[in-house]
Amino acid sequence: MVRSKAKAVFGQDSHPSKKAKHQTVSLLFTDMVGSTKLYQERGDAGALLLVQKHFEILRAEVEKHKGRVLKAVGDALMIVFPKPKAALTCAVAMQRSIQRYNQGAATADRIHIRIGAHTGEALLEETDVFGDAVIVTSKIEHLAQGDEILASRASWEKARGLDVETESIADLEIEGEVRTGPVVRILW
């Protein structure tokens with residue numbers, strides 16, 4: 001029944017295939033802040049131009065840091081990396097690239113993103129990922145404000161040697177259960 005509901009909603013079964021591999025992955029979830037308002041003010045075509053510019057900037061950094069975009073949904077990306085240091089280095093580079101873009105952009109055309117990062121076990125396919133790591137990364141991304149990078153402490157500790165400061169902000173709770181310990185803000 002769950003499989004048929006997923007197929008009805010998404011047009012395909014939303015479950016891992018037999019080719020999915022269980023492994024440790026480092027995930028980034030990004031979200032463009034204020035896009036709902038942007039679509040309301042500019043209309044679909046006008047807003048899409050800025051969303052596409054944002055994707056262009058982020059995808060360039062993903063490519064440089066050897067990540068892989070698994071999904072783009074609306075104005076959000078789900079990105080996988082083989083190592084936490086690559087993921088967090090990419091997250092910092094994304095924020096810095098957006099900041100550089102904003103310096104030359106009109107106020108109304110400035111882009112702000114939030115990023116959540118986590119490293120954990122998951123079932124990885126060519127174009128999707130499943131498991132607790134996905135849920136945790138999503139929850140961390142939702143905690144972030146515009147221009148922030150939040151990461152699980154576990155992800156940060158595995159990314160030794162990253163030359164940025166952090167501050168602990170909270171324990172992540174999912175349905176009343178602490179799942180990742182402290183979340184850190186990366187001061188990029």
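Details
- Near pairs, Cβ below 6 angstrom, 6+ apart or cross-chain, from region 45-72 (closer than 28 Å to P84 by Cβ) to any residue that is of a type in the set (D, E) and modelled with pLDDT of 95 or more: V51/D75
- In region 45-59, residue surrounded by the most Cβ atoms within 10 Å (Cβ to Cβ) [restricted to those that are out of contact with any helix residue (DSSP H, G or I) (no Cβ under 7 Å at 6 or more places or on another chain) and under 17 Å from R96 (Cα atoms)]: H54
- Taking region 83-123 as the range and being surrounded by 23 or more Cβ atoms within 10 Å (Cβ to Cβ) and farther than 15 Å from G146 by Cβ as the test, the residues that pass are P84, A87, L88, C90, A117, H118, T119, A122.
- Filter pass, D75 being of a type in the set (D, E) and more than 12 Å from the chain's Cα centre (by Cα): no
- Those strands (runs of 3 or more DSSP E) of region 126-188 in which 3 or more residues are modelled with pLDDT of 85 or more and either closer than 18 Å to L27 by Cα or of a type in the set (G, A, S) (or both) occupy 148-152, 177-187.
The values are calculated or read from the model by the stated rules, or taken from the named source; none is laboratory data. Given the structure is predicted, the values throughout are model-derived calculations rather than measurements. Methodologically, a virtual Cβ is constructed for each residue, glycine included, from the backbone with ideal geometry; neighbour enumeration extends over all protein chains shown.
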